[in-house]
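Working notes, structure below.
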Ligand SMILES: Cc1cc2nc3c(=O)[nH]c(=O)nc-3n(C[C@H](O)[C@H](O)[C@H](O)COP(=O)(O)O)c2cc1C
């Protein structure tokens with residue numbers, strides 16, 4: 001069992017987001033999982049150029065660390081997305097990485113995997129919405145939503161012991177969900193999802209441009 005966390009805080013391994021995610025993964029390790037944390041800060045991730053090559057040809061022409069990280073996501077059983085709140089949203093580091101996952105968003109391929117999200121803030125804005133955004137990113141692609149954890153950083157950098165305990169709980173929940181092979185009716189959820197329906201319309205009507213997507217959706221029976 002392999003649980004991967006992708007952390008989008010520029011505070012690296014001393015940040016609150018990292019420390020909560022680390023606690024979650026330590027719990028996964030104690031239950032036998034292999035874990036890894038990717039700090040986006042330490043990787044070369046260019047901006048999406050919006051060229052659409054990934055949709056037409058199936059691959060991004062940019063040479064940086066994105067494919068390696070996506071490869072690890074495909075190997076993982078569990079994926080944790082973690083970001084502090086920056087101006088009511090995820091950090092630019094996290095958003096930049098998510099933008100580069102465009103082909104994954106168009107061709108949902110995280111079925112059979114398990115997702116979770118972690119977000120930390122100082123009390124301004126909707127931290128739940130930020131965590132939900134990252135969890136939805138994974139769920140939209142088929143990952144089972146295990147749960148999310150949000151926390152308030154006290155005195156700027158302090159975490160409460162109870163929040164670290166909740167991180168450990170989420171780690172345990174992640175391992176249990178993977179072990180029990182929990183499932184959910186993804187297609188039913190997607191039938192009710194406005195984003196999924198809009199994507200279906202976009203790909204159907206634009207099938208000459210979204211060739212790879214159209215083939216994929218047809219093969220899956222979603223169109
Ligand atoms: C550019 C920037 C924008 C921020 N925006 C918000 C915000 O909208 N709401 C909030 O509560 N905290 C905001 N913060 C504070 C961070 O969310 C907070 O310090 C968090 O604990 C950082 O987590 P980290 O230590 O894991 O990086 C912001 C911080 C920075 C640097």
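The values are calculated or read from the model by the stated rules, or taken from the named source; none is laboratory data. Because the structure is a prediction, the values reported are computed rather than measured. As a convention, Cβ positions derive from the backbone with ideal geometry for all residues, glycine included, and neighbour counts pool all protein chains shown.
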From the options 172, 191, 182, residue that is over 12 Å from the mean Cα position of the chain (by Cα), modelled with pLDDT under 95 and away from the ligand (no atom under 13 Å from the Cβ) = 191
So, in the range 109-126, of the ones that are exposed (fewer than 14 other Cβ atoms within 10 Å of the Cβ) and closer than 14 Å to residue 152 by Cα, which residue ends up farthest from the ligand (Cβ to nearest atom)?
-> 123
Only residues that are buried (at least 16 other Cβ atoms within 10 Å of the Cβ) and modelled with pLDDT of 95 or more: list them for the range 58-70, please.
-> 62, 65, 66, 69, 70
Show the residue pairs that are 6+ apart or on different chains and have beta-carbon atoms under 6 Å apart, the first residue being within the range 16-44 and over 16 Å from residue 77 (Cβ atoms), the second being modelled with pLDDT under 95 and assigned to a helix (DSSP H, G or I).
-> 39/12; 41/12
Please verify whether the range 96-108 includes one or more residues that are outside any loop (DSSP other than H, G, I, E, B), within 16 Å of the ligand (Cβ to nearest atom), touching a residue at least 24 places away in the same chain (Cβ under 8 Å) and touching a strand residue (DSSP E or B) at 6+ places or on another chain (Cβ under 6 Å).
-> no
Select from the range 71-104 the residues that are touching a helix residue (DSSP H, G or I) at 6+ places or on another chain (Cβ under 8 Å) and surrounded by fewer than 17 Cβ atoms within 10 Å (Cβ to Cβ) and write down the one among them that is farthest from residue 221 (Cα to Cα).
-> 88
For residue 166, indicate whether it is without any contact (Cβ under 8 Å) to a residue 60 or more places away in the chain and loosely packed, with under 13 Cβ neighbours inside 10 Å.
-> no
Is one or more of the residues making up the range 127-138 within 15 Å of the ligand (Cβ to nearest atom), within 24 Å of residue 42 (Cβ to Cβ), in contact (Cβ under 8 Å) with a residue 24 or more places away in the chain and surrounded by fewer than 15 Cβ atoms within 10 Å (Cβ to Cβ)?
-> no
Pick from 142, 115: which is under 30 Å from residue 53 (Cβ atoms), outside any strand (DSSP E or B) and at pLDDT 95 or above?
-> 142
